[in-house]
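Below you'll find the structure, written out as structure tokens, and then a few comments.
The values are calculated or read from the model by the stated rules, or taken from the named source; none is laboratory data. Remember, it's a predicted structure, so these values are computed and weren't measured experimentally. Positions of Cβ are generated from backbone atoms using ideal geometry, with glycine treated the same way; all protein chains shown enter the neighbour counts.
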Amino acid sequence: MKVIADLHVHTVASGHAYSTILENVRGAVERGIELIAITDHGPAMPGAPHKYHFSNLRVLPRVIHGVEILKGVEANIIDAQGNIDLSPRFLKNLDIVLAGFHWDCHKSGSVEENTRTLVRAMASGKVDVIVHPGNPAFNIDPQKVAQAALDHNVLLEINNTSLSGMVRKGSRENCQTLAQHIARLGGRVCLGSDAHFSTAVGKLDQAVKMAEAVGLEADQVVNTSQAAIKGFLRRRGHDTVSVPSPQV
């Protein structure tokens, strides 16, 4: 399975990542990646950028050194209702909205409570992708989450960093179970490096391996083509992805 995009990339703006946008672009070029999403943490995360950071992403060129840039956020789920830490005022001009559980922003509950919160986040219409849903610190019912993702046209992420064991240790089995349910239901996933340094941009090897192992076809993985990514985002209401802008 050939992937051409990385939809989960951080910059120095996140406060605990260490590369600039230009450095991440160079990392993408080195790995043959055509498109990256800049998805710094939402403002509820300690050290994250102010909300104005996300409204000013409009100054970024659409294409830098041949790599297309999606302007996004990794928002934080902040309560049991599935609310996230950016309001529609700041979300409306973003190309892609990722969201997930982070311990500093929302405490874990029971499996039933965590599942209900994720489903509410997906049902809100504000979230395009749920990130690292296999995190064992926030256990969920994988079948219910996979079905809700299909029902609400939301992608579940296979997070390469989670599979590396560097963070969220113990994620692999949960991620595999989720991916199996998605494959069975005919749903779709996205792959994200969750890069916090430029050399990790486009590093999706373990996520690809898992997708293939559970029987996900290439057309069930949006990272395999720009048309799949942009088609999905347009259906989600992100008309900005089709607006041209100068290259640099």
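If only residues of segment 66-125 that are in contact with a helix residue (DSSP H, G or I) (Cβ under 6 Å, 6 or more places away or on another chain) and in a helix (DSSP H, G or I) are counted, the one that is farthest from residue 156 (Cα to Cα) is 90.
All of (1) at pLDDT below 95; (2) over 22 Å from residue 192 (Cα atoms) hold for residue 87 with one exception: (1).
Tell me, yes or no, whether segment 99-121 has at least one residue that is under 18 Å from residue 6 (Cα atoms), surrounded by 20 or more Cβ atoms within 10 Å (Cβ to Cβ) and modelled with pLDDT of 95 or more. Within segment 99-121, one or more residues are under 18 Å from residue 6 (Cα atoms), surrounded by 20 or more Cβ atoms within 10 Å (Cβ to Cβ) and modelled with pLDDT of 95 or more. Candidates 28, 48, 44, 37: the one that is out of contact with any Gly (no Cβ under 7 Å at 6 or more places or on another chain), modelled with pLDDT of 95 or more and of a type in the set (Gly, Ala, Ser) is 44. Among the residues of segment 134-184, those identified as in a loop (DSSP other than H, G, I, E, B) and buried (at least 20 other Cβ atoms within 10 Å of the Cβ) are 134, 135, 140, 154, 168. Only residues that are under 23 Å from residue 105 (Cβ atoms) and either over 19 Å from the mean Cα position of the chain (by Cα) or modelled with pLDDT under 95 (or both) were counted across segment 56-72, and they come to 1.
Taking the criterion of being assigned to a loop (DSSP other than H, G, I, E, B) and touching a His at 6+ places or on another chain (Cβ under 7 Å), the residues of segment 185-206 that qualify are 193, 194, 196. Listed by first and then second residue, the pairs linking a residue in segment 21-47 that is free of Cβ contacts under 8 Å to residues at least 24 places away in the same chain to a residue that is crowded, with 20+ Cβ neighbours inside 10 Å and β-branched (Val, Ile, Thr), with Cβ atoms under 8 Å apart and 6 or more places separating them unless they lie on different chains, form an empty list. Working only within segment 1-37, note down all residues that are under 25 Å from residue 220 (Cα atoms) and small (Gly, Ala, Ser). Of everything in segment 1-37, those that are under 25 Å from residue 220 (Cα atoms) and small (Gly, Ala, Ser) turn out to be 5, 28, 32, 37. Could you please let me know if residue 146 is within 19 Å of residue 192 (Cβ to Cβ) and of a type in the set (A, V, I, L, M)? Yes.
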